[in-house]
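Input: a single structure, listed below in structure tokens.
Read the figures in this text as sums done on the coordinates, not as results from a lab. Fair warning: this is a prediction, and the values are worked out from it, not measured in the lab. Here the Cβ positions follow ideal geometry from the backbone for every residue, glycine too, while neighbour counts run over all protein chains shown.
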Amino acid sequence: MTGGNTGGRAFLIVIDSVGIGGAPDADQFFNGEVPDTGANTVGHIAAACAAGKAEDGRSGPLQVPTLAGLGLGAAVELADDNTDHGLPIPSTGAWGAATEVSMGKDTPSGHWELAGVPVPWDWHTFPNTDPAFPDDLTVTICEVAGTGGILANRHDSGTAVIEKEGARHLKTGWPICYTSVDSVLQIAAHEETFGLDRLLQLCADIAPTLHAMKVGRVIARPFLGDPETGFKRTANRRDFAIAPPAKTLCDYVSEVGRSVYGIGKIGDIFSMRGINQSTKGRDNKLMADLHRLAAEAAPGSLTFANFVEFDSEYGHRRDVSGYARHLEWFDRELAVLLPKLHPDDLLIVTADHGNDPTWIGTDHTRERVPVLCHGLGARALGHLQFTDVAASVATHLGVPYFGEGKSFI
């Protein structure tokens, strides 16, 4: 597949976990023993705001006029027949709702499929038991870390586990190892007492063992603090992800000599394959990088961004007000960003899965995601596949593309 545009740029922005409900297979995915049927991240946040149930640090109905103008409200209705969101429907963008086929509601599955590669295998996950990890894996971690044991060894949330285990970690020097319903092994350690470089090397060294098991990611989760003042995770997280099994959109763009800029954890998710430059940091720093690239990105380039704090700070913590505040922050930034784009640029705002903060449990929720486009005029795109995003970006950029999906351009 090829297109005709060689100068216009593409900006693919993943607002992590901002789902819109309606996944046809949601009954096959669970939080605890409760299926994800009926989960709707945007719809339920908007309804909570309208009902005055999201008043911490903000007030009133959800204010996202830029996203609504691109078609967010219409996408929510298309995805889930949800009309109780209170978002404006008239749209100046092209909008649709995308459905995932990969059998996972995790970060690699969503991003790979958005980049044209559905996951061809079932991810390995660890049981919700205590301990969660098999003995041979625990032995391997201890041998590589040079410690007499590990802490946690169970399903837990990242902020809770360091509060529970942080003091013991400082005393023993043992890494805190935990997981979730996702295909992941997370290792938390104190940046100063354990050492950031040591933590990153530990994760890098054991990642091949986990990848051979078809565990999607090993995540380094450094933190600082002490029992008296509390513990807080730092921005030095790093994901060691299994490599995609086929060429992705990033590969197709880079192979013809175009620049691919990764913002946030994109470089980690794709193991830096096909990515020329990568920046990391908190979402506010990443937004500054995105604004900079709107001015500086090379002709014909792809900027691929992930804003993770929707998911990590608010979705997993079931913080409805915080999630709403972050959506409103993003919307204000997007309003400033759009006028900076060139007339022949394409910007797509989408997501990789859901994480409904009104839902039971603390894990992701299986949902459709919005596909909101600036640069294609105002029109309905209808129901899409995740892979259609990759095909469409390739068409816009005019690069050969032989992955899955159908262009909506």
For a quick check: sort Glu33, Glu333, Glu113 by the number of other beta carbons within 10 angstrom, fewest at the front.
Glu33, Glu333, Glu113
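May I ask you to compute the full-extension gain from Glu296 to His342, defined as 0.36 nm times their residue separation minus their alpha-carbon distance, rounded to one decimal in nm?
15.5 nm
With a cap of 14 neighbouring Cβ atoms within 10 Å, and only residues DSSP puts in a loop, list the chymotrypsin sites (Phe, Trp or Tyr not before Pro) found in segment 343-409.
On the way: sites: Trp359, Phe386, Tyr401, Phe402, Phe408; in loops: Trp359, Tyr401, Phe402, Phe408.
Of the chymotrypsin sites (Phe, Trp or Tyr not before Pro), the ones in loops of segment 343-409 whose Cβ has at most 14 other Cβ atoms within 10 Å are Phe402.
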Could you give the length gained by full extension between Val34 and Gln277, i.e. 0.36 nm per residue of separation minus their alpha carbon distance, to one decimal place?
83.4 nm
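Rounded to the nearest 500 deg cm²/dmol, what is the calculated helix-only ellipticity per residue at 222 nm for the chain, with -39500 (n - 2.57) per DSSP H run of length n ≥ 4?
On the way: 12 runs with 131 residues, N = 409.
Per the formula, -9500 deg cm²/dmol.
Rank the residues Val181, Val218, Val34 as a footprinting-exposure proxy: fewest other Cβ atoms within 10 Å of their Cβ go first.
Working: Val181 20, Val218 26, Val34 12.
Fewest-to-most ranking of Val181, Val218, Val34: Val34, Val181, Val218.
For an R0 of 25 angstrom, estimate the FRET efficiency from the Cβ-Cβ distance between Ala380 and Val101 and round to the nearest 0.05.
Working: r = 22 Å, r/R0 = 0.87.
Computed FRET efficiency for Ala380 and Val101 comes out at 0.70.
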Given the peptides 138-150, 258-270, arrange them by the average over their residues of other C-beta atoms within 10 Å, most packed first.
258-270, 138-150
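Taking the Cα centre of segment 99-211 as origin and charging only Cβ (+1 Lys, Arg; -1 Asp, Glu), how large is the dipole, in debye to the nearest 20? All intermediate terms of the calculation are to be shown ahead of the outcome.
On the way: 6 positive and 16 negative charges, 50 e Å.
With only Lys, Arg, Asp and Glu charged at Cβ, the dipole is about 240 debye.
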Percent of all Cα-Cα pairs per 10 Å bin for the chain, counting from 0 up to the last occupied bin, reads 5, 23, 33, 25, 11, 2, 0
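Quick check: residue separation of Ala288 and Thr229 times 0.36 nm, minus the Cα distance between them. What number comes out in nm?
On the way: separation 59, 0.36 × 59 = 21.24 nm, distance 3.05 nm.
Length gained between Ala288 and Thr229: 18.2 nm.
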Can you flag which of Lys105/Lys280; Lys105/Lys406; Lys53/Lys171 are past 32 Å Cα-Cα?
Lys53/Lys171
Starting with the fewest neighbours, write out Met287, Met103 ranked by other beta-carbon atoms found within 10 Å of each beta-carbon.
Met103, Met287
Positive end of the charge dipole of the chain (Lys, Arg +1 and Asp, Glu -1 on Cβ, about the Cα centre): tell me which of Phe304, Ala46, Leu290 has its Cα farthest that way.
Leu290
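Please work out the Kirkwood hydrodynamic radius for segment 332-409, using every pair of different C-alpha atoms, and report it in angstroms with one decimal place.
Details: mean 1/r = 0.0689 Å⁻¹.
Over segment 332-409, the inverse of the mean reciprocal pair distance is 14.5 Å.
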In the chain, what % of DSSP beta bridges are antiparallel (nearest 5)?
40
Among the helices of the chain (complete DSSP H runs), which have Cα atoms covering no less than 24 Å along the helix axis and a Kyte-Doolittle mean of at least -1.0?
196-212, 320-337
